[in-house]
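Q: Pasting a structure below so you can have a look.
Computed from the coordinates by the stated procedures, all read-outs in this text should not be read as laboratory data. In this text, all values refer to a predicted model and were calculated from it rather than measured experimentally. Cβ coordinates were reconstructed from backbone atoms using ideal geometry, including for glycine residues, and neighbour counts include every protein chain displayed.
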Amino acid sequence: MEASVKKKYVKLQWRTLIVLMVGYICYYFLRKNFSAAIPAMESSLGLSKVQLGIFLTLNGIVYGLSRMVNGLLADRYSKKLLMSLGLALSCVINLAICFSPRLNGFMHLLDAEGKATLGLVYLIGSLWVLNGYVHGMAYPPIAAMMAHWFRPSELATKQSIWNASHSIGAGLVIALCGWILSRFGYGAWNLCFIIPAVIAFFGAALMFTTLKDDPSDCGLPSVEEFDREEGHAEAAGSGAAAVQEQLRGDRYKKFISRMVFRNPIIWGISISDFCVYVIRFTILEWGTSFLTQYKGFDIALAASIVAASELVGGVLGTLAAGWMTDRLMKSRTLRTSAVFTLGATLCFAAFWRVPAGAHWIWSAILIVASAFFIYGPQALLGVSCSQYATKRASGSANGFCGIFCYGATTISGIGFGWLADKPGLGWNAVFVVAILFGLIGAAILFSCWRLPANGYAKAEKVLEEI
């Protein structure tokens, strides 16, 4: 391969990675702003934890279903169009939530004390559920695009770098919203929606104008051809080249069925990811709430701790997990995920048992450590779906897994909202349930320790059979 072509290839790989990170950071600006605003919306609008938990649960369920639908679309249609459109629509929805109380003159949305009526509850809840759908237009196309631009032997490292966008986006928006609420008071909760929406609009424009779905759109060879011309042995074997062929009609459906819906490895990954997301969402969705209400911290400190768990723990955890997978685990993502899931669960249990009256720094360290470990499997189980279903079905596999991931909001959303509000149970019950799910997820992943690094050999056999 000519030096100029190689230079262009590497340059476009990094450009794709960086733009995908920026775009997903913007997505998180419009997703985790709601979690950061929960204490303020409770206080200003009189919403209960159960009502807020219902919003989070329905948002997560719809998001998971959307990931499945858009995963199927991402394997067949323009990936950059799906991502850009989803982010633009989310901007509109967040602006609608921001200004929804001002519709009180047309509808009875606020009572005499300025608290939310059921009308406003239903309006905000419906908008947030719709936001869940458009957010499902992001990850499956990204996972598919990553699998097309990076070879399997480096995918764990590169996707872990990209996955830091989760933590950067969540950490920045939580810190931003924490500053807004501490500076202007809980009555300024609507600024937690309008400011991120304005920022994210530019992210949507950036993705649409700069991204390419795969190397062929730039006149470059596929990643497998590039790898062979560079003289590297492809870890996926000959099966990687086999899945390059275009599958259509019944043959395509049979391939997706065998590699995704009837693949026991994808089912195991999905169930364990459900457990991982219970702990992740407990920290991310309810962190500011249980740190203020259970630990007694003020909102600024609580928001700072949750932001640090994302910006420090989450970013370092994803990078460490990717490095560990490709360098120490020979690209076996499930092994790293097992170790990290157990670590996250133990750290979260230790946080729960920090004695009352202990300095806040101990709680902060353990929350950051738990986030460090939980973002390992959060990043790598998506890579696992791409590896075991192969890049030809990566969007579908990640969409299928997404149903389980965000089905976890049935536990972390309304379930934990109900437990936290229940006399005699409260936050202690929330911590116990989250820890149990963490242990179950770790056990499933450890049972997969001896599996091969990817599913390309299986895919080759499936192509011969169909």
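Q: Tell me the Kirkwood radius of the stretch 1-133: reciprocal of the mean inverse pair distance over distinct alpha-carbon atoms, in Å.
A: Across the stretch 1-133, the inverse of the average 1/r is 17.1 Å.
Q: Each residue of the stretch 438-451 in order: what ³J(HN,Hα) in whole Hz does its phi give by Karplus 6.51 cos²θ - 1.76 cosθ + 1.60, θ = phi - 60°, with x for Gly and Pro?
A: Along the stretch 438-451, the couplings run x, 5, 5, x, 4, 4, 4, 5, 5, 5, 9, 4, 8, 5 Hz.
Q: Compute the long axis of helix 315-327 from its Cα atoms, compare it with the longest principal axis of the Cα atoms of the chain, and write down the angle in degrees, 0 to 90, nearest 10.
A: Once rounded, one gets 20 degrees.
Q: As I understand it, the value is the acute angle between the Cα axis of helix 264-293 and the longest principal axis of the Cα atoms of the chain; what does it come to in degrees, rounded to 10?
A: It works out to around 30 degrees.
Q: Counting every Cα pair in the chain, what percent are over 36 Å apart?
A: Considering the chain, 26 percent of its Cα-Cα pairs are separated by more than 36 Å.
Q: Put +1 on the Cβ of every Lys and Arg and -1 on every Asp and Glu Cβ in the chain; which of 428, 12, 290 then has its Cα farthest towards the positive end of the dipole?
A: Result: 12.
Q: So in the chain, which Cys have no other cysteine's beta-carbon sitting under 4.7 angstrom from theirs?
A: Those would be 26, 91, 98, 218, 275, 347, 385, 401, 405, 448, since no other cysteine Cβ in the chain comes under 4.7 Å of theirs.
Q: Give, rounded to the nearest 20 debye, the magnitude of the charge dipole that the stretch 9-465 has about its Cα centre when Lys and Arg contribute +1 at Cβ and Asp and Glu contribute -1 at Cβ.
A: 360
Q: Given H placed on each backbone N at 1.01 Å, which residues far from residue 110 in sequence or on other chains put an amide H within less than 5 Å of it?
A: 117
Q: Net charge around residue 446, counting only other residues with Cβ within less than 14 Å of its Cβ (Lys, Arg = +1; Asp, Glu = -1)?
A: After counting each charged neighbour, the total is +3.
Q: I'd like to know which of 302, 114, 63 lies farthest towards the positive end of the charge dipole of the stretch 9-465, counting +1 on Cβ of Lys and Arg and -1 on Cβ of Asp and Glu.
A: Of the listed residues, the answer is 63.
Q: Apply the Karplus curve 6.51 cos²θ - 1.76 cosθ + 1.60, θ = phi - 60°, to the phi angles in the stretch 66-80 and return the couplings in whole Hz, x for Gly and Pro.
A: 3J(HN,Hα) across the stretch 66-80, in whole Hz: 5, 4, 5, 4, 6, x, 5, 5, 5, 6, 10, 10, 5, 6, 5.
Q: Continuing with this model, one more query. Taking amide H atoms as placed 1.01 Å from N in the peptide plane, list the residues 5 or more away in sequence, or in a different chain, whose amide H sits under 5 Å from that of residue 448.
A: Excluding prolines and chain starts, which carry no amide H, there are no hits.
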